[in-house]
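Only one structure is covered here, and it is reproduced in the block below.
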Amino acid sequence: MNYRHAFHAGNFADCMKHALLVWLLRALARKPAPFHVLDSHAGIGRYSLDSEEAQRTGEWRAGIGRLMDITEGPLADYVALVREDGGYPGSPALAAALLREQDRLSLVELHEADHATLRATFRRDPRVATHRRDAWEAVRALTPFAQKRGLVLMDPPFEQPGEYERLTAAIAEVNRRARGLVQAAWYPVKGRAPVRAFHAALAETGVRDILAAELHLREPTDAARLNGSGLIVVNPPFGFEDAARDILAALHARLATGEAGGGWALTRIADE
């Protein structure tokens, strides 16, 4: 309950997660049938980079601040959406920007003040429903979707012990309840051992068609630092692997710090 994303909005981890998310949402919109998006850790939806919180950490300067001049290439679509927003759009604002009239968005946020802000932001959008409830309970309660198609985004803050285990269980549960849904789950890369254990646990669930996309600023040897970030994608749409390679390479080219061990990786955890 202490985590507030306003301090971290627009950092390198956000850029990686959101650039890939935009591609996934565009892919869902390629078909005319409606889709539903569930964001289990929605935060407040959009952020001001002029806020006290953002200015205090300045993390966005080494993230979206290095990308804003991009107009071509694999990051252009994502960066254009950020420019159009006028602040920094979190995943709720990005999803809402890409919804069509027939699509739906469910936003879940437990923090009382953040939920109030989230609700106020989207109160006039009939496509969007906000819920103040536990993320993991909501993932079970709100799936499957009536639309049969869609994406579940899980983005826990990893401040409490057991987040990897809860995330693994939620991915398996969504797959059991609605096997065809795309799932995107963010995770931090601090040390190698927890990430390896997480990937191994996912492989043991029996869930098929799992990819892990990662962006590394440095070798993940200091567990006290956010050395990189990853996104698990279950049931990636056609073309995602090639697009993800291009997006990750472009991000690394712009965001690399020059420290040893930086780079990117796209790993298949489970085959189709």
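Restricting attention to the stretch 96-112, and to residues there that are open to solvent by 10 Å² or more (accessible area, probe 1.4 Å) and either β-branched (Val, Ile, Thr) or in a loop (DSSP other than H, G, I, E, B) (or both), which single residue is nearest to ALA42 (Cα to Cα)? Step by step, filter the stretch 96-112, then rank; the result is GLU109. When we screen ALA224, ALA265 for residues that are touching a residue at least 12 places away in the same chain (Cβ under 8 Å) and open to solvent by less than 40 Å² (accessible area, probe 1.4 Å), the only hit is ALA265. Which residue is farthest from the chain's Cα centre (by Cα), if the candidates are limited to the stretch 219-248 and must be under 30 Å from PHE35 (Cα atoms) and assigned to a strand (DSSP E or B)? Among residues in the stretch 219-248 that are under 30 Å from PHE35 (Cα atoms) and assigned to a strand (DSSP E or B), the one farthest from the chain's Cα centre (by Cα) is VAL234. For ALA93, the conditions (1) small (Gly, Ala, Ser); (2) open to solvent by 20 Å² or more (accessible area, probe 1.4 Å); (3) under 26 Å from PRO126 (Cβ atoms); (4) in contact with an Asp or Glu (Cβ under 9 Å, 6 or more places away or on another chain) all hold with the exception of (2).
Residue count for the stretch 80-95, restricted to those that are not in a helix (DSSP H, G or I) and not hydroxyl-bearing (Ser, Thr, Tyr): 4.
Here is a list: ALA19, ALA42. Which entry is buried (at least 18 other Cβ atoms within 10 Å of the Cβ), within 16 Å of LEU107 (Cβ to Cβ), among the small types (Gly, Ala, Ser) and in contact (Cβ under 8 Å) with a residue 60 or more places away in the chain? Steps first, please.
Values: ALA19 fails: within 16 Å of LEU107 (Cβ to Cβ).
Checking each option against the conditions leaves just ALA42.
Tally the residues that are among the acidic types (Asp, Glu) and either within 15 Å of ALA9 (Cα to Cα) or in contact (Cβ under 8 Å) with a residue 60 or more places away in the chain (or both), restricting the search to the stretch 45-81.
Going residue by residue through the stretch 45-81, those that are among the acidic types (Asp, Glu) are 50, 52-53, 59, 69, 72, 77.
After this cut, where a residue has to be either within 15 Å of ALA9 (Cα to Cα) or in contact (Cβ under 8 Å) with a residue 60 or more places away in the chain (or both) as well, the list is 50, 52-53, 59.
Residues meeting the conditions: 4.
Each residue in the stretch 250-262 was checked for being surrounded by 15 or more Cβ atoms within 10 Å (Cβ to Cβ) and either among the hydrophobic types (A, V, I, L, M, F, W, C) or over 20 Å from the mean Cα position of the chain (by Cα) (or both), and 5 pass. Please determine, by comparing only the residues of the stretch 115-130 that are in contact with a helix residue (DSSP H, G or I) (Cβ under 9 Å, 6 or more places away or on another chain) and under 21 Å from ALA141 (Cα atoms), which one is least open to solvent (accessible area, probe 1.4 Å). It comes out as LEU118.
LYS148 falls short on exactly one of the conditions (1) in contact with a Lys or Arg (Cβ under 9 Å, 6 or more places away or on another chain); (2) loosely packed, with under 15 Cβ neighbours inside 10 Å, and that condition is (1).
Screening TRP60 with (1) over 18 Å from HIS252 (Cα atoms); (2) open to solvent by 20 Å² or more (accessible area, probe 1.4 Å); (3) in contact with a strand residue (DSSP E or B) (Cβ under 8 Å, 6 or more places away or on another chain) gives one miss only, at (1).
Looking at this structure, is VAL37 under 22 Å from ALA138 (Cβ atoms), at pLDDT 95 or above and either open to solvent by 20 Å² or more (accessible area, probe 1.4 Å) or outside any loop (DSSP other than H, G, I, E, B) (or both)? Yes.
The values are calculated or read from the model by the stated rules, or taken from the named source; none is laboratory data. Computed from a prediction, not measured in an experiment: that's the story for all the values here. Here Cβ is always computed from backbone atoms with ideal geometry, including for glycine, and neighbour counts include all displayed protein chains. Please note that ligands, DNA and RNA were not included when accessible areas were found on the heavy atoms of the full protein model with its side chains. Shrake-Rupley method; radii C 1.70, N 1.55, O 1.52, S 1.80 Å.
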